[in-house]
Amino acid sequence: MKHAANKPVLITGGSGFIGSYLALALLKRGQRVVLFDRDPDTRRLTGFGQAYTDYQKEGMVTFVQGDLSLLPHVMALFDKHEPQSVFHLGALLSAGTESNPTMGFQVDLVGTWNVLEAARLYCQQRQGMAPIRVLFPSTIASFGRFLPTPGNVANESVQMPTTMYGCAKVASERLGEYYHAKKWVDFRAVRFPSVVGAARGPGGTTVYSTLMMQQPLLGKVYDVYVKPERQLDILYVKDAVNALTSLHDAAKLPDDKRRVYNIAGIRTQGQAPSTQQIADAVMANGVAADRITFNAFDAGLDTTVQGFGILSDQAAKDDWHWAGAKYDLSATIVDFAKELKAAPGRLKALELF
């Protein structure tokens, strides 16, 4: 990743699950970062231990608390820190948006408009400055219920979301494309499947895919609420970070009309793993079989998961040479366990938001 001298990269949602991993990855490359989040709890960052503390001492990382839904907060962020590019990860997750749709709309959709508008004004105020690059993570939930079953979800499949989270993501995709077409920003986005990894915490229908790894690896019992045979497209968090940085680094996308790309997750013999296969992989890492149970079955949640589909990322491979997920199911569990042991302080209490 090439960066202008002394100019930081801005990460909204910087103290969150993916944001914290992205921040550490950029810091390891020698890149200064500014982290913006409404949550002052930075344990997902400080929990990395000495690796993160040293960057703080060197002045490589700055944390700013603020609210994405307030344009003055976002404008002040750009004015003071002058970022060279933005990873806009800040959002309320699906469970939170369903619990409080008004807040979900304000944070997830209005917040995205605020970031795009601040980026536009920031570049226009500095004449001769190229449009700033804005990276955005969308979601498999943006496609909604009208998907081929079974079958892969193509990059340009019809999006008919049924949740506030999905609606906000689709609207943000279109808004980013509009700003890009106007040459106000260089907008690029990925659509992730369920992202798994240490310190994710709850916040979505598919969180079981992370918790059935995390809790048993911590010596706790986890009761899964979907059927053992239910397949789910999952991606390890380090592959998610790699997808974001790889798309950022792509010099030019061949089709300037396509700005949003599906990212496929882990495949086992060409298929997304089933819940039982995830459980088997966890137990193969030395976890006792009684640590994962299937007594909390919820028909509604199981049906929702069944309708998510499996993402095809052929467009990403064609347009910017995305290499696909590097972590298979076994490697994900091994690295997950390593992360839990190395940085237990990153784990947060299981809260809705």
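Just one of the listed residues (P216, P228, P202) is in a helix (DSSP H, G or I) and either more than 21 Å from G324 (Cα to Cα) or modelled with pLDDT of 95 or more (or both), and it is P216.
V334: under 17 Å from S194 (Cβ atoms) and part of a helix (DSSP H, G or I), yes or no? Here the answer is no, as V334 does not meet what is asked. Test of understanding: among A331, A279, A288, which residue is buried (at least 21 other Cβ atoms within 10 Å of the Cβ) and over 18 Å from the mean Cα position of the chain (by Cα)? Only one candidate qualifies: A279. Residues that are of a type in the set (K, R), within 21 Å of the chain's Cα centre (by Cα) and not in a loop (DSSP other than H, G, I, E, B) are absent from the stretch 65-88. In the stretch 166-207, what residues are free of Cβ contacts under 8 Å to residues at least 24 places away in the same chain and among the hydroxyl-bearing types (S, T, Y)? Across the stretch 166-207, the qualifying residue is only Y178.
Answer yes or no: is there a residue in the stretch 305-319 that is in contact with a strand residue (DSSP E or B) (Cβ under 7 Å, 6 or more places away or on another chain) and either within 22 Å of V221 (Cβ to Cβ) or free of Cβ contacts under 8 Å to residues at least 12 places away in the same chain (or both). Among the residues of the stretch 305-319, not one is in contact with a strand residue (DSSP E or B) (Cβ under 7 Å, 6 or more places away or on another chain) and either within 22 Å of V221 (Cβ to Cβ) or free of Cβ contacts under 8 Å to residues at least 12 places away in the same chain (or both), which makes the answer no.
Only one of the listed residues (P131, P101) is in contact (Cβ under 8 Å) with a residue 24 or more places away in the chain and under 24 Å from F308 (Cα atoms). That residue is P101.
Scan K183, K169 and give me the residue that is buried (at least 22 other Cβ atoms within 10 Å of the Cβ) and among the basic types (K, R).
When all the criteria are applied, what remains is K169.
Say whether the condition of being of a type outside the set (F, W, Y), at pLDDT 95 or above, in contact with a Pro (Cβ under 8 Å, 6 or more places away or on another chain) and more than 17 Å from A119 (Cα to Cα) is met by at least one residue in the stretch 70-85. Taking every residue of the stretch 70-85 in turn, none turns out to be of a type outside the set (F, W, Y), at pLDDT 95 or above, in contact with a Pro (Cβ under 8 Å, 6 or more places away or on another chain) and more than 17 Å from A119 (Cα to Cα). Does K326 qualify as being at pLDDT below 95 and assigned to a loop (DSSP other than H, G, I, E, B)? Against the criterion (at pLDDT below 95 and assigned to a loop (DSSP other than H, G, I, E, B)), K326 does not qualify.
The values are calculated or read from the model by the stated rules, or taken from the named source; none is laboratory data. All values derive from a computational prediction rather than experimental measurement. Cβ sites come from the backbone with ideal geometry, for glycine too, and all protein chains shown count toward neighbours.
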